[in-house]
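The values are calculated or read from the model by the stated rules, or taken from the named source; none is laboratory data. Note that the structure is predicted; figures quoted are calculated from it, not measured. Methodologically, a virtual Cβ is constructed for each residue, glycine included, from the backbone with ideal geometry; neighbour enumeration extends over all protein chains shown. Note: accessible area is taken over every heavy atom of the protein model, side chains too, but ligands, DNA and RNA are not part of it. Shrake-Rupley method; radii C 1.70, N 1.55, O 1.52, S 1.80 Å.
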Amino acid sequence: MPGSTAQLPRAALSESHWREDPQFLATIIETQSDIAAVELDPELVMSIIVARTQRLTNADGATIEIAADGQEMVVRAASGISQPCKGFRIKTNISRDALLSGQIQYIADTAVEPRVEIDRCHTGDIRSKVVVPLYHLGQAVGILKVSSRQPQAFTPAHIAALRLMAGLVGAALGNASEVSTKKQLLAQRTVALEALRTSEQQFRGAFEHASIGMALVALDGRWVQVNRSVSHIVGYTEDELLASNFQAITHPDDLQTDLELVRQLVAGEIPSYRLTKRYIHKNGQIVWIILSVSLVRDPSGRPLYFVSQIQDITQSRRRELLEADHRKVLEMVARDHPLETTMEQIAAMLERQVEGATASLLLVEPSAIWQVAPNLPPDLASAVQSRAFSLAAGLSNGKSTLNVSCIADDLVWQPLRDLTLAHGMKICWATVIRSADGVPHGLITLYCKHERPPGESDVESMEAAANLATIAIEHHTAASRMAHLTQHDALTGLPNRVLYQDRIEQALAMARRSGMHVAVLVIDLDHFKTINDTHGHQAGDHLLQMLAQRLRSCIREADTLARVGGDEFIAILPELPGRDIAERIAVELLHSLTAPFEIGGARLTAAASIGIAVSPEDGLTSIQLQERADAALYRAKRNGRNQFSI
């Protein structure tokens, strides 16, 4: 019926309709051939289709519409009078009905069809059109539409030809779309691969040139990939590392902690870990690092490999340890620890700073050199001690800087070479301990098992040890001098009353354990004031010094002679078998004073009175003995002086 829309039955579109015009088939075949030639270009495919379809149906225009958002269609290709519509978005019920039903829609007269966009049709002067749904593999791919200025312009033959064209066009559009999609996917993949390649190059660059160590490590600890910094930190080449594992260079004391954290990481108990640990450098040195480790897993959660970041903190760590040892040594000095204990701490400090090294300190005294070497093998320490003077002279060589000596080659080691090498000691570093004014106090030696020159940090450690040793020695010397001054008489050098009191208490304690006697002899010079008045105090002081020497020569080494006043002395005689020994010694003391003293060209004579008290008969305490000895002294003076009383 004119002016209506029809879904034409297939019987009406039989083969006979288009066979009446062989050009129909020729056009379709030509179109198929042309489409095949340009199938990779969807836009060109659609341009060919609309041009050939318009010619095939003697239409005034043709379009291909592709579904857009909502219920709109977008004109992707157009020819003839429909050319201006290209790119338009069209709301149409006819196209939607054709797609939903899968049937060709024929609008014989647009003037009476309510679903047609009247304005657009009038603008194009369209009076009839055929809407053909396009499918590919059962999926709608768009609409092919032909239009004419004349109503009822399309015959059943045209419809039949369009039906055949529709199968060709749907397949062509579907294939072109797939090809386009594949091209887009390929382009996207190419871009993605290029981005990945760029990213990988950037990662490799960052990995290789990172200022900290970067490594990929297999689950069993094997190095898979390392950067230059790792090699620099541990001293091994990349090939050497890749042939080994991290366990081989980890300090034995740190290995179990590291392996336990690895276990927890693989088990999923921790997401990552950070550890301060030690590596052993190829040259034997200790390398302190901060190790940060994470685990890479596959999409199923299976662990693949570790990513390790390695930051070398050796210098800061050694400085921290050095400062801690420095403070500890200074604290020991301030607390007046024994000098040997302090020197042992300095030796331990050096051994912590230089892995595999053994420290020895040779300290010079006026008549001997004594050694502090807590970890030096006893036989080697004894051998070094026996040759301390020649060894110290050879190693110091008049220098204050660090001296490196090869034990196998240096002549100074010839007498000790075999023994030293037998203990694995190959190199000796030595530095002189000097006072601020350059006086040598001793020598610090460090025996190393690795043949390498000292690094900057090693020199720093040795210098710090030498400075600390100087401080300790000079403090000990000053403290000893101060202690001597507080316990000895400044004029004669004899013990003073403070030390006398300590010695008498010790003597009494020994006597209580042994059952022996202790004698106290109080010695007071007779008429000493006259000598001072006649010859002057300087002569009197000189006389006291000489007199102290004579008195000291008359008593035993274990006895004590103290000056407790201007001209008063006290002798302590411990461990005596009887009182008679004290009397005999008193006689010797008096006799020693009979010879004159030569002072400043003058011959001076001196005499003394002596009071004796003996424990336990005269008392059991120092006070009791002192009182009894003083009383005996007064009796001796009353009886004419120059004698003893008991």
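Data for the structure
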{"quantity": "Percentage, to the nearest whole number, of Cα pairs in segment 209-315 over 23 Å apart", "calculated": "21 percent"}
{"quantity": "Loop-located trypsin sites (Lys or Arg not before Pro) in segment 255-338, at most 16 other Cβ atoms within 10 Å (DSSP)", "calculated": "Lys282, Arg335"}
{"quantity": "Calculated log₁₀ intensity ratio I(q)/I(0) where the Debye formula runs over C-alpha points of segment 295-383, q = 0.26 Å⁻¹", "calculated": "-1.26"}
{"quantity": "Packing-based ranking, highest mean first, of 531-538, 616-623 given that Cβ atoms within 10 Å are counted", "calculated": "616-623, 531-538"}
{"quantity": "Segment 307-409, relative contact order in percent, only Cα pairs under 8 angstrom and at least six apart counted", "calculated": "15 percent"}
{"quantity": "Within segment 501-548: Cβ-based charge dipole about Cα centre, in debye rounded to nearest 20 (Lys, Arg +1; Asp, Glu -1)", "calculated": "320 debye"}
{"quantity": "Charge dipole magnitude, Cβ of K and R +1, D and E -1 - segment 327-414, Cα centre, debye nearest 20", "calculated": "200 debye"}
{"quantity": "Calculated from backbone phi, Karplus (6.51, -1.76, 1.60) coupling profile of segment 332-338 in Hz, x at Gly/Pro", "calculated": "5, 5, 5, 8, 6, 5, x"}
{"quantity": "The chain: projected area of the alpha-carbon convex hull, averaged over directions, in nm²", "calculated": "57.0 nm²"}
{"quantity": "Area accessible to solvent at Phe389, 1.4 Å probe radius, in Å²", "calculated": "130 Å²"}
{"quantity": "Part-to-part distance (alpha-carbon centres) for segment 601-641 and segment 551-568, which is given in Å", "calculated": "13 Å"}
{"quantity": "Where GluC sites (Glu not before Pro) fall in DSSP loop in segment 229-320, at most 11 other Cβ within 10 Å", "calculated": "Glu269"}
{"quantity": "Ratio Rg/Rh [Cα only; Rh per Kirkwood] for segment 305-355", "calculated": "1.23"}
{"quantity": "Per-peptide average of other Cβ atoms within 10 Å, ordering 571-581, 72-82 highest first", "calculated": "72-82, 571-581"}
{"quantity": "Expected 222 nm ellipticity per residue - DSSP helices of 4 or more, -39500 (n - 2.57), all of the chain, to 500", "calculated": "-15500 deg cm²/dmol"}
{"quantity": "With every protein chain in place, segment 495-639: carbon and sulfur % of accessible area (1.4 Å)", "calculated": "52 percent"}
{"quantity": "Tilt relative to the chain, helix 537-553 - C-alpha long axis, 0 to 90 degrees, to 10", "calculated": "90 degrees"}
{"quantity": "Cleavage-rule hits (trypsin sites (Lys or Arg not before Pro)) in segment 367-465: DSSP loop, at most 12 neighbouring Cβ within 10 angstrom", "calculated": "Lys399"}
{"quantity": "Rule-of-thumb Rg ratio for segment 495-541 [Cα; 2.2 N^0.38 Å; N residues]", "calculated": "1.78"}
{"quantity": "Between 0 and 90°, nearest 10: helix 339-353 axis offset from the chain longest Cα axis", "calculated": "20 degrees"}
{"quantity": "At q = 0.15, 0.25 Å⁻¹, base-10 log of I(q)/I(0) for segment 273-322 (Debye sum, equal scatterers on each alpha carbon)", "calculated": "-0.52, -0.92"}
{"quantity": "Distant-in-sequence amide H partners of His136 (H built 1.01 Å from N, under 5 Å)", "calculated": "Val141"}
{"quantity": "Angle between the chain longest axis and helix 42-57 axis [Cα atoms, degrees, rounded to 10]", "calculated": "10 degrees"}
